[in-house]
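Peer 1: First, the structure itself, so that you have it in front of you.
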Amino acid sequence: MKMNRIKSVLIYFTLILVGSSLNFFVFLEAYKKLAFPYIHEEQRVENAPYIFMYVLPSFILAAALTLVLYKAVMKLCNKNS
């Protein structure tokens, strides 16, 4: 029983990391295409720490909340079936 619980937690953790990484990659590509032509190198360097301090953790939190919401909805659907 405990091994199944650990396995499911690892799967959920992996899903959170993969989902947030994909979202972050999309953000970085869009930022590169939309903002880079209009800002100087100095501004790019100044923005980088803020992107990693605020945007990346936000994507991880959003992925975790999405997973929790998905699990809650699936539990409700299974209960109603």
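Peer 1: For region 27-75, enumerate the residues that are basic (K, R) and closer than 18 Å to F13 by Cβ.
Peer 2: At the first step, the residues of region 27-75 found to be basic (K, R) are 32-33, 44, 71, 75.
Selection gives K71 alone.
Peer 1: Considering region 1-42 alone, what residues qualify as being surrounded by 12 or more Cβ atoms within 10 Å (Cβ to Cβ) and among the polar types (S, T, N, Q)?
Peer 2: Selection gives S20, S21, N23.
Peer 1: I'd like the full set of residues that are assigned to a helix (DSSP H, G or I) and among the small types (G, A, S), limited to region 12-42. Let's see the steps before the verdict.
Peer 2: Step one: filter region 12-42 for residues assigned to a helix (DSSP H, G or I), giving 12-34, 36-38, 41-42.
Result: G19, S20, S21, A30.
Peer 1: Still on this structure, please answer the following. Would you be able to tell me the number of residues in region 43-81 that are in a helix (DSSP H, G or I) and surrounded by fewer than 11 Cβ atoms within 10 Å (Cβ to Cβ)?
Peer 2: Residues meeting the conditions: 16.
Values in this text are rule-based calculations from the coordinates and carry no lab data. Quick caveat, the model's predicted, so the values are computed rather than measured. Every residue, glycine among them, receives a Cβ derived from its backbone with ideal geometry; neighbour counts consider all protein chains shown.
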